Amino acid sequence: MRREKPKNAVFLLISQLLSSDQLPPVTLAVIALNICIYLEVLHLSFPAIRSVCLSYNNVIHNQQWKRLILSSIFHGDDWHLYYNMISFSVKGRSLERRYGSHYFAILLSLFTISTGLMYLLIELLSFKILETSYSLESCAVGFSGVIFALKVLTTHDLPSGPIYVFDCLMIPSKYTYWFELIIISVLTPNASFAGHLAGIVVGLLYIDGPFKPLVNYLSGMNRFRVNRRPRFYTR
């Protein structure tokens, strides 16, 4: 029999989302899915964290490819879910309104799978360099890798110039995600450095690599070169 999960932060998350501005449909659907999975609604048989977390050995050696997707929508505890979904709501609201819901859904799908694959590659490289099996066995869950990829996109469009962190440290605005990567790893030792780094790499592959043309193709933007507005409108 499983121990009951802590839920206080989930109710806080729902309360804050209900009192905030309207969320676009894809962003709202992703947050609702993550909440429902954590709360195990409708008494469905949800797998345990151990059976969905992402690790090199489980995916490559055991051929459990479903973990590439499932690992991103499961969370370790209620505060893990809370911080990820609050962060995602901000980025999702901005990017989905900019790109449209159809494009954003394809972008999220690509980022989810690509971040998982990049995580496996980083862990393999870590194993080759450090020669420790821990990298191949460590198991990660959560949406934060995808969130870091989205952070690269939102940061890329910021005006150039420095920003002040803690009112004393000045860093270039376009590289704040590197600072967040280090700070989160220092303040939260249980956070997956490899997972967050994978998200940053995937985001950069969209900004300066092949992912943007791929998403454009999959969304039909290359086939219909028209000046169209996003399919989701907000007041």
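The values are calculated or read from the model by the stated rules, or taken from the named source; none is laboratory data. Being a predicted model, the structure only gives us computed values, none of them experimental. Don't worry about glycine lacking a Cβ; one is built from the backbone with ideal geometry, like all the others, and counts go over all protein chains shown. With ligands, DNA and RNA removed, areas are computed over all heavy atoms of the protein, side chains included. Shrake-Rupley method; radii C 1.70, N 1.55, O 1.52, S 1.80 Å.
Farther than 13 Å from Ser51 by Cα, in contact with a Lys or Arg (Cβ under 7 Å, 6 or more places away or on another chain) and open to solvent by less than 10 Å² (accessible area, probe 1.4 Å): does that describe Gly100? So Gly100 passes the test. A residue that is under 25 Å from Thr155 (Cβ atoms), at pLDDT 95 or above, touching a Pro at 6+ places or on another chain (Cβ under 9 Å) and assigned to a helix (DSSP H, G or I) occurs somewhere in the range 70-85. Just to be sure, is Phe127 in contact with a helix residue (DSSP H, G or I) (Cβ under 8 Å, 6 or more places away or on another chain) and buried (at least 22 other Cβ atoms within 10 Å of the Cβ)? Judged against the criteria, Phe127 is not a match. Please go through the range 92-117 and pick out each residue that is under 16 Å from Ile207 (Cα atoms) and not polar (S, T, N, Q). Of everything in the range 92-117, those that are under 16 Å from Ile207 (Cα atoms) and not polar (S, T, N, Q) turn out to be Leu95, Arg98, Tyr99, Tyr103, Phe104, Ile106, Leu107, Leu108, Leu110, Phe111. Scanning the range 30-52 for residues that are among the hydrophobic types (A, V, I, L, M, F, W, C), assigned to a helix (DSSP H, G or I), open to solvent by 60 Å² or more (accessible area, probe 1.4 Å) and out of contact with any Phe, Trp or Tyr (no Cβ under 9 Å at 6 or more places or on another chain) yields Leu33, Leu42. Considering the range 86-190, the qualifying helices (runs of 4 or more DSSP H), each wholly inside and each with 2 or more residues that are over 17 Å from the mean Cα position of the chain (by Cα) and modelled with pLDDT of 95 or more, run over 101-130. Taking (1) over 24 Å from Ala194 (Cα atoms); (2) free of Cβ contacts under 8 Å to residues at least 60 places away in the same chain; (3) not charged (D, E, K, R) in turn, Gln16 satisfies each apart from (2). Of all the listed residues (Ser20, Ser71, Ser55), the sole one being closer than 24 Å to Ser101 by Cα, open to solvent by less than 70 Å² (accessible area, probe 1.4 Å) and touching a strand residue (DSSP E or B) at 6+ places or on another chain (Cβ under 8 Å) is Ser71. Going through the range 208-235 one residue at a time, which ones are modelled with pLDDT under 95 and of a type in the set (Val, Ile, Thr)? Within the range 208-235, Val226, Thr234 qualify.
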